[in-house]
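For reference, the structure is listed below as structure tokens.
Every number here is computed from the coordinates shown, using simple stated rules; none is lab data. Keep in mind that this is a model prediction, so the values were computed, not measured. Every residue, glycine among them, receives a Cβ derived from its backbone with ideal geometry; neighbour counts consider all protein chains shown.
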Amino acid sequence: MMIVRNSLREMMKKECVIAPCVYDCASARAVELSGFKAMMFSGGELSEAMNGIPDLGVISIDELVWAVSRICSVSSIPIAVDIEDGFGGPLTVYRNCKRLAKAGAMAIQLEDEAPVRGTGILLQEEYFAKIKAALAGLEGSDCMLISRTNVDPAADLYEGIERCLGSIELGAEITTIVRLNNLDDAKKIAQKVPGWKMYPDLDSRNGIPEVTVEEVYALGFNLVTMHYLLKAAMSGMLKAGKHNFKNKNNVWSNDNMNEKGVGGSSAMPYFDPKKWMELEGEFTGTVREFSHPGMNNFNAKERSKI
């Protein structure tokens, strides 16, 4: 089944693109079914979901490429990929960017944090060498580079701005100061930094978003990311688990976790089994009716709701 992936670059020319942070095919599918047009791959959440280890910079590039390639093989919405410091020096960054562009990434986010978390920010010349390597690795593809600085804007906003400007001069199409968390700093950045900018990890305080998408889009931030998927997954699993453990059955989750009216205990309906049966039918000449014991309430009417 051929996947025709939309271009993130073309989307950003027309609108502010909101990209929730995903970590596997299930989270990517949830983003797609929710109506979002793009996604950002989170290495930290991959580490937590696949290895059970917090975001401490311990995942490998092979684990990351493995996960990204599988998402890209089943989803048509564009994905940007956070590769942290690039997993090594400039030659390693060059190779890794080529690998991820080939896997289907539409943007690569490269940060200026030292390889060992908590040991500081790279010198500008060290970071810019990696920027050059990343751009060379992405040459000829439709994959853009997001230059990410981890400089704290509360401590030295203008150092972060300087790093963004240096990256733009080298050819980065998108810049972000990753600890940005308020409209005042966003305005200061917009006054100094031209071109496309990413507002990172949109958050809220006391029920109020720290900024609105409309506010930052007007300042040139036409890519906005946010985290919620892994937290929502863990929260939902814990809520259902506590009820099912107490009741010693799965009645609560079957009756109360039926998004889009899908009954039963299986998540398979969300992955469009009918589409895969139809594909198989192209090979065999016969379309099988899909059935599964966990989908006892999954009928044609419910299928049409997904």
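Tabulated values for the structure
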{"item": "Pairwise Lys count, segment 200-276 - Cα closer than 22 Å, eight or more residues apart or different chains", "result": "7"}
{"item": "Neighbourhood charge, 11 Å Cβ-Cβ cut-off, centred on ARG288 and excluding it, Lys, Arg +1 and Asp, Glu -1", "result": "-2"}
{"item": "Neighbour-count order for LYS192, LYS98, fewest beta carbons within 10 angstrom listed first", "result": "LYS192, LYS98"}
{"item": "Low-density loop positions, GluC sites (Glu not before Pro), segment 1-104 - DSSP coil, at most 16 other Cβ in 10 Å", "result": "GLU15"}
{"item": "Aspartates and glutamates with Cα under 16 Å of LYS37, excluding same-chain neighbours fewer than 8 positions away", "result": "GLU10, GLU15"}
{"item": "At q = 0.16, 0.17, 0.22, 0.29 Å⁻¹, base-10 log of I(q)/I(0) for segment 75-143 (Debye sum, equal scatterers on each alpha carbon)", "result": "-0.50, -0.56, -0.87, -1.29"}
{"item": "Sum of side-chain charges, ILE77 neighbourhood, beta-carbon under 9 Å (Lys, Arg +1; Asp, Glu -1)", "result": "+1"}
{"item": "Ascending count of other beta-carbon atoms within 10 Å, so fewest first, for MET144, MET277, MET40, MET12", "result": "MET277, MET12, MET144, MET40"}
{"item": "Interchain or long-range residues, amide H under 5 Å from LEU145's placed H", "result": "ILE108, GLU173, ILE174"}
{"item": "Ranking of VAL213, VAL151 by count of other Cβ atoms within 10 Å, fewest first", "result": "VAL213, VAL151"}
{"item": "Amide H contacts under 5 Å for ASP82, placed H, 5+ residues apart", "result": "PHE41, GLY43, GLN109"}
{"item": "Environment charge of ASN51, counting only residues whose C-beta is closer than 12 Å and scoring Lys/Arg +1, Asp/Glu -1", "result": "-4"}
{"item": "For the chain, fraction of C-alpha pairs farther apart than 25 Å, in %", "result": "54"}
{"item": "Segment ARG70-ILE53, length gained on full extension (0.36 nm per residue, minus Cα span)", "result": "4.0 nm"}
{"item": "Distance (nanometres) between label positions extended 7 Å along Cα→Cβ at GLU139 and GLU162", "result": "2.9"}
{"item": "Radius of gyration, Dmax [segment 1-145; alpha carbons; angstrom]", "result": "14.8, 45"}
{"item": "Span-like helix ranges in the chain, DSSP H, alpha carbon extent 15 angstrom or more, Kyte mean at least -0.5", "result": "61-74, 90-103, 124-138, 153-170, 229-247"}
